[in-house]
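Student: Sharing a structure with you now.
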Amino acid sequence: MLHRRAQLAGWLTAAAFAVLPGVATAQSTVKIGAIYPLSGNAASAGTSAKAAIEVAVDIINEDRPELGELTLAKGLGLPNLKGAKVEVIFADNQGTPAAGQNQALRLITEDKVVALQGAYQSGITVTASAIAERYGIPFMTGESVAANLTERGFKWFFRTTPVASDIAKIYVDFLNDRKAKGEKIEKVAIVNENTEYGTSIAKVVGEAAKTGGFNVSVVIPYSANTTDVQSQVLQLKDNNPDAVVFISYTSDAILFTKTMQALGYKPRILIGDNSGFSDASYIRTVGNIAQGAINRSAWDVGKPGSPTFLINEMYKKKTGNDLDDTSGRVMQGFLTLVDAINRAGSTEPAKIQAALRATDLKPNQIMMGYKGVKFDDKGQNILASALLIQIQGDKYVSVWPKESATSELQLPYKGW
């Protein structure tokens, strides 16, 4: 009788042990938090980012051998965690740093996520990642580019995307290339929304332009939530720069484009710094009056049947839109994060952190046109890169540098 009681107690203990968080259930599902603007002025971009991550989850959790060597495409789930599936808990940052911070805290303390990703707007990534740093939870951003994000001495922050200095160099090299071909480009204007993203990019681009020999004739900051940009466009018209770089989120980019048409203003060269200009809703809403607008990108759909083409088809089936560069960078960041979790073979934050630091993904293992993914001691991907694309018709096409171009560059900016 005593033996049977001991045996029964052992079974009960084992059963209780099996349902304890972090014991058996941790290996069946790995929870990751994703903080994006699902409401507010940047909701379109946030919704696209959410869809991109959902496609990435499908790639990871299902067997996708047709995607070649893309990390975690082959097989079901995470092989080093006994086939555990990835579960993403999405949180709405509402377009404010305070909400982003609160959502990060909730995901860590209540939902018990093992890692975080986000948060689109750099100013929100600042606050959300600070919470992750405080709690010792890995934080990945695939899209936020503000220069200071990797300059805070953080140990738990990682970024796969090109940063402000990379972007500025691309713009300056492009403008100098046009000068070398005999075009008159002396004055450059910068228009930026006044949060962390716009302010930091404007500063770096301005400094790079001056170093590159250009006259930064005017810098025009504006409120990211403005509903009227007539004065800013009239200021540009009066200044008459040879090239304008816009650093704007979606609603602002659309507003500027409509206002430029209304006031009859066209610069010779218009460069939109990704973000709002890469949003699918931008082309859908004002693409017909923004012909010739130049943007930066590291995403290329590729040839029919290629892994990138098939990823785009998955995204298009889900959303009705082609994958844009920003959402592609979100997806690449997420795939990199989950690859590290798999290599760690654990959901312990410190082991995931160590695996992230050891990341060395090759071009054939990633979906973006980077040279790979490898982090420096600040958490920045030192192999990130980009090219320039241009709106021609109803889509963006690659136009620079020449070796990466799929279409001829068309200048001056046509607009409408």
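Student: Starting from residues that are touching a residue at least 40 places away in the same chain (Cβ under 8 Å) and within 17 Å of Met331 (Cα to Cα), keep the ones in the range 376-392 and report whichever is surrounded by the fewest Cβ atoms within 10 Å (Cβ to Cβ).
Tutor: Ser385
Student: Can you tell me which of Ile167, Ile131, Ile137 is in contact with a strand residue (DSSP E or B) (Cβ under 7 Å, 6 or more places away or on another chain), among the β-branched types (Val, Ile, Thr) and at pLDDT 95 or above? Working first, answer last.
Tutor: Values: Ile167 fails: at pLDDT 95 or above; Ile131 fails: in contact with a strand residue (DSSP E or B) (Cβ under 7 Å, 6 or more places away or on another chain).
Only one candidate passes the filter, namely Ile137.
Student: Can you pull out every residue in the range 345-377 that is touching a Phe, Trp or Tyr at 6+ places or on another chain (Cβ under 8 Å) and of a type in the set (Lys, Arg)?
Tutor: Residue satisfying the conditions is Arg357 alone.
Matching residues to (1) among the aromatic types (Phe, Trp, Tyr); (2) within 21 Å of Phe154 (Cβ to Cβ); (3) in contact with a Pro (Cβ under 8 Å, 6 or more places away or on another chain):
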position: Thr359; (1), (2), (3): no, yes, no
position: Met368; (1), (2), (3): no, no, no
position: Lys374; (1), (2), (3): no, yes, no
position: Leu387; (1), (2), (3): no, no, yes
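Student: Need the failing condition index for Ser278 against (1) in contact with an Asp or Glu (Cβ under 7 Å, 6 or more places away or on another chain); (2) at pLDDT 95 or above; (3) buried (at least 23 other Cβ atoms within 10 Å of the Cβ); (4) not β-branched (Val, Ile, Thr), just the number.
Tutor: The failed condition is (2).
Student: Okay, next question. Restricting the search to the range 50-76, which residues are within 14 Å of Leu337 (Cβ to Cβ) and in a helix (DSSP H, G or I)? Break it down into steps so the answer makes sense when it comes.
Tutor: Taking the range 50-76 and keeping what is within 14 Å of Leu337 (Cβ to Cβ), we get 52-53, 56-57, 59-60, 71-72.
Those that are within 14 Å of Leu337 (Cβ to Cβ) and in a helix (DSSP H, G or I): Ala52, Ile53, Ala56, Val57, Ile59, Ile60.
Student: Just to be sure I understand the filter: pairs with C-beta atoms under 6 Å, separated by 6 or more residues or on different chains, first member in the range 353-374 and buried (at least 20 other Cβ atoms within 10 Å of the Cβ), second member hydroxyl-bearing (Ser, Thr, Tyr). Which pairs pass?
Tutor: Final answer for the pair search is Met367/Thr308; Tyr370/Ser385; Val373/Thr160; Val373/Thr336; Val373/Thr359.
Residue-by-condition table, conditions (1) exposed (fewer than 15 other Cβ atoms within 10 Å of the Cβ); (2) modelled with pLDDT of 95 or more:
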position	(1), (2)
Phe174	no, yes
Ile201	no, no
Lys210	yes, yes
Val216	no, yes
Gln232	no, yes
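Student: How about the range 255-288: which of its residues are under 17 Å from the mean Cα position of the chain (by Cα) and aliphatic (A, V, I, L, M)?
Tutor: To start, the set of residues in the range 255-288 that are under 17 Å from the mean Cα position of the chain (by Cα) comprises 272-282.
Answer for the range 255-288, where residues must be under 17 Å from the mean Cα position of the chain (by Cα) and aliphatic (A, V, I, L, M): just Ala280.
Student: Out of the residues in the range 56-102 that are among the small types (Gly, Ala, Ser) and under 20 Å from the mean Cα position of the chain (by Cα), which is farthest from Tyr197 (Cα to Cα)? Please lay out each step first, then the result.
Tutor: Here is the first cut: in the range 56-102, the residues among the small types (Gly, Ala, Ser) are 56, 68, 73, 75, 77, 83-84, 91, 95, 98-100.
Those still in the list that are under 20 Å from the mean Cα position of the chain (by Cα) too: 56, 91, 95, 99-100.
Working: Ala56: 26, Ala91: 21, Gly95: 13, Ala99: 17, Gly100: 15 Å.
Looking at the filtered set, the residue picked out is Ala56.
Student: Being aromatic (Phe, Trp, Tyr) and loosely packed, with under 15 Cβ neighbours inside 10 Å, is that true of even one residue in the range 309-329? Let's see the steps before the verdict.
Tutor: Here is the first cut: in the range 309-329, the ones aromatic (Phe, Trp, Tyr) are 309, 315.
If we keep only those that are loosely packed, with under 15 Cβ neighbours inside 10 Å too, we end up with 309.
Checked against the condition, which is being aromatic (Phe, Trp, Tyr) and loosely packed, with under 15 Cβ neighbours inside 10 Å, the range 309-329 yields at least one hit.
The values are calculated or read from the model by the stated rules, or taken from the named source; none is laboratory data. Being a predicted model, the structure only gives us computed values, none of them experimental. A quick note on method: Cβ atoms are made from the backbone with ideal geometry, for glycine too, and the neighbour counts reach across all protein chains shown.
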